[in-house]
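The values are calculated or read from the model by the stated rules, or taken from the named source; none is laboratory data. Since this is a predicted model, take the numbers as computed values, not measurements. All Cβ positions, even for glycine, are placed from backbone atoms using ideal geometry, and neighbour counts span all protein chains on display.
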Amino acid sequence: MNFRKLLIIILSSVLVVMSFTACGGENNTPSADGEPAVVSNDSSGENVADVPEADTPEAEPVSVRIASLKGPTTMGMVKLMDDSDNGLTAAEYDVSIYGTADEIVGLLVGGEIDCANVPCNLASVLYKKTEKGIKVLDINTLGVLYILAASDPASALNAEEPFETIADLKGKTIYSTGKGTTPEYVLNYILTSNGIDLAADVNIEYLSEATEVAAKMAESTDAIAVLPQPYVTVAMNQNENLRIVFDLTEEWQKIDGTQLVTGVTVVRSEFLEAHPEAVSQFMSDYAASVEYVNSHNDEAAALVGKYDIVAEGVAKKALPYCNIVCLTGEDMQASVSAYLNVLFNSDPSSVGGELPDDSFYFKG
């Protein structure tokens, strides 16, 4: 074979190899829009056209189930509730209002609700009961307890009696509610911190309901009573001779500089872990609602009446005295911790038998 024939055979072989390589490369067949279709080899060796992936559907919004108590702890939520009902919130809120905290406990423990507004000491009890299954998100209400006195000029106890300090309550009979609960612990702490001997210096008579205390004040000309808002406003509407002589939130703060705490917002730890964004949104909306309630008294009172928490007229007078707040973070932890410590020293069972540890508090 001469050199010329050998060269022709080699060149022909190269062309054959190149043709097979081209078959395994890109397919330049136009697509429907006139552009070359991009083809790739899958694991089976077949050519599969790449197509755009379908858009991932957006996740359904989380509905936050909230339980709250009929009173100041729910008054701060009325703007959130109204906005949610009108579709103006980013999240969905299903708020149920209950008359007693006992009704909420089972729902929270059973996972039937996600967040709840409860008395501060009950949150500590639930933390123990659920084996750290809840966390405190914020303080929603500071102290709502006040001491009222009648001031009838015809009575021995009249407007001329000054009541300048808590010590001026020595020798008096005081009507109150909440025997064995936080109102008793708060009153005892404030009285004893002001040098009053509970056994020798005062006579405290406990009635079963705040309405009974209010009724007692309505018919009296010389009674002294401890009442929470909005019952303070109700009692003063019924008896024009009543006046507020002490704000127990202020008196508490005078003792050691900490805050008297009434209500807190708690969340189930499981829900928080599963839906942190929903909880963050809830806290933001809650804070905005509290700000609105505190700065728009008349409008907020109308919403309080709309949701049948208390009558609008009562709410209009009571709201400025309800100490509605949204305290979070270190401020929340410092006040809750100090408050629970006072209750623990009075009765350990009131906070669940032991003080909660650091994981009780949501840090954000």
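Evaluate the stretch 157-165: report whether one residue or more is at pLDDT 90 or above, in contact with a Cys (Cβ under 8 Å, 6 or more places away or on another chain) and not acidic (Asp, Glu).
No.
If you go through the stretch 303-317, how many residues are surrounded by 15 or more Cβ atoms within 10 Å (Cβ to Cβ) and closer than 11 Å to Asp82 by Cβ?
3
Could you look through the stretch 179-210, keep only residues that are touching a helix residue (DSSP H, G or I) at 6+ places or on another chain (Cβ under 7 Å) and loosely packed, with under 15 Cβ neighbours inside 10 Å, and pick out the one that is nearest to Thr100 (Cα to Cα)?
If we take residues in the stretch 179-210 being touching a helix residue (DSSP H, G or I) at 6+ places or on another chain (Cβ under 7 Å) and loosely packed, with under 15 Cβ neighbours inside 10 Å, then Leu198 is nearest to Thr100 (Cα to Cα).
With the structure loaded, tell me whether Ile224 is touching a Lys or Arg at 6+ places or on another chain (Cβ under 7 Å) and either surrounded by 17 or more Cβ atoms within 10 Å (Cβ to Cβ) or small (Gly, Ala, Ser) (or both) or whether it fails that test.
yes
If you take just the strands (runs of 3 or more DSSP E) that sit entirely in the stretch 23-116, which of them hold at least 3 residues that are at pLDDT below 95 and of a type outside the set (Lys, Arg)?
Where strands (runs of 3 or more DSSP E) fall fully within the stretch 23-116 and carry at least 3 residues being at pLDDT below 95 and of a type outside the set (Lys, Arg), they are 39-41, 47-49.
Among the residues that make up the stretch 243-259, is at least one of them surrounded by 22 or more Cβ atoms within 10 Å (Cβ to Cβ) and either more than 22 Å from Ile139 (Cβ to Cβ) or aliphatic (A, V, I, L, M) (or both)?
For the stretch 243-259, residues surrounded by 22 or more Cβ atoms within 10 Å (Cβ to Cβ) and either more than 22 Å from Ile139 (Cβ to Cβ) or aliphatic (A, V, I, L, M) (or both): absent.
Does Ala199 satisfy the condition of being farther than 24 Å from Val261 by Cβ, part of a loop (DSSP other than H, G, I, E, B) and either modelled with pLDDT of 95 or more or not assigned by TED's automatic domain parsing to the domain that holds Met75 (or both)?
Yes: the conditions hold for Ala199.
Can you tell me which condition Thr181 does not meet? The list is (1) within 25 Å of the chain's Cα centre (by Cα); (2) at pLDDT 90 or above; (3) within 26 Å of Ile324 (Cβ to Cβ), and all the others hold.
Against the list (1) within 25 Å of the chain's Cα centre (by Cα); (2) at pLDDT 90 or above; (3) within 26 Å of Ile324 (Cβ to Cβ), Thr181 comes up short only on (2).
Given the criteria under 30 Å from Glu184 (Cα atoms), assigned to a loop (DSSP other than H, G, I, E, B) and not charged (D, E, K, R), does Gln259 qualify?
Yes.
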